Amino acid sequence: MRPIVVGVDDDWRVLDSIAMLMDSAGYAPQSFTSAERFLRSPAFAAAACVIADVQMPGVAGLELQRRIRLARPELPVIFISAHGDDAVRNRALRDGATAFFDKPFDCAALLSAITKALSAR
């Protein structure tokens, strides 16, 4: 069974890119346009890794990370952001994010971070 890697981003183009990359790397991608949809879905319990945007309407990325830490502290979270300033990056990493990438992200670096996160579980 392929590990489920979830993308959470309000931009469907980013989600499509993540899904294609995950599929080509042998993962089972699932995509959500909001943190709320992901948190209410069965994928929340089944996910092996989450790739999330920082700035989204409703529940933003850092709040999503907080909720994941409360319910599934073992679930790795990787952030991607077009607006990642140092304070946001530092907070995300301090609060347990596996990695933080600026958009556009490097595909090889993202895959490496996922591999590292899954092997540490």
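Summing charges over all other residues whose Cβ lies under 15 Å from the Cβ of Leu39, with Lys and Arg as +1 and Asp and Glu as -1, gives +1. Using the Cβ of Ala48 as centre and a radius below 12 Å, the other residues enclosed give a net charge of +2, where K and R count +1 and D and E count -1. Each residue of the stretch 21-37 was assigned a 3J(HN,Hα) from its phi angle through the Karplus expression (A = 6.51, B = -1.76, C = 1.60, θ = phi - 60°), giving 5, 5, 4, 5, 8, x, 9, 9, x, 9, 10, 9, 8, 8, 5, 4, 4 Hz with x at Gly and Pro.
Solvent exposure of the chain amounts to 51 Å² per residue of accessible area, where only protein heavy atoms count and the probe is 1.4 Å. In plain terms, the bigger the Kirkwood radius, the slower the diffusion; for the chain, with that radius from Cα pairs, at 37 °C and 0.692 mPa s, Stokes-Einstein puts D at 236 µm²/s. Toward the positive end of the charge dipole of the chain, with +1 on the Cβ of Lys and Arg and -1 on the Cβ of Asp and Glu, the farthest Cα among Gln65, Met22, Phe32 is that of Gln65. Amide H contacts for Ile80 (H built 1.01 Å from N in the peptide plane; partners 5 or more residues away or on another chain; cut-off under 5 Å): Ala52, Asp53, Val54, Phe101. Checking every one of the chymotrypsin sites (Phe, Trp or Tyr not before Pro) in the stretch 34-121 against DSSP loop status and a limit of 16 other Cβ atoms within 10 Å picks out no site at all. Within a Cβ distance under 15 Å of Pro104, other residues only, what is the Lys/Arg minus Asp/Glu net charge? For residues surrounding Pro104, the net value is -4. Taken about its Cα centre, the chain carries a charge dipole of about 480 debye when Lys and Arg each add +1 at the Cβ and Asp and Glu each add -1 at the Cβ.
The values are calculated or read from the model by the stated rules, or taken from the named source; none is laboratory data. These numbers come from a predicted model, not from an experiment. Quick reminder, even Gly has a Cβ in these numbers, built from the backbone with ideal geometry, and neighbours come from all protein chains shown. These area figures cover heavy atoms from the full protein model, side chains too; ligands, DNA and RNA do not enter into them. Shrake-Rupley method; radii C 1.70, N 1.55, O 1.52, S 1.80 Å.
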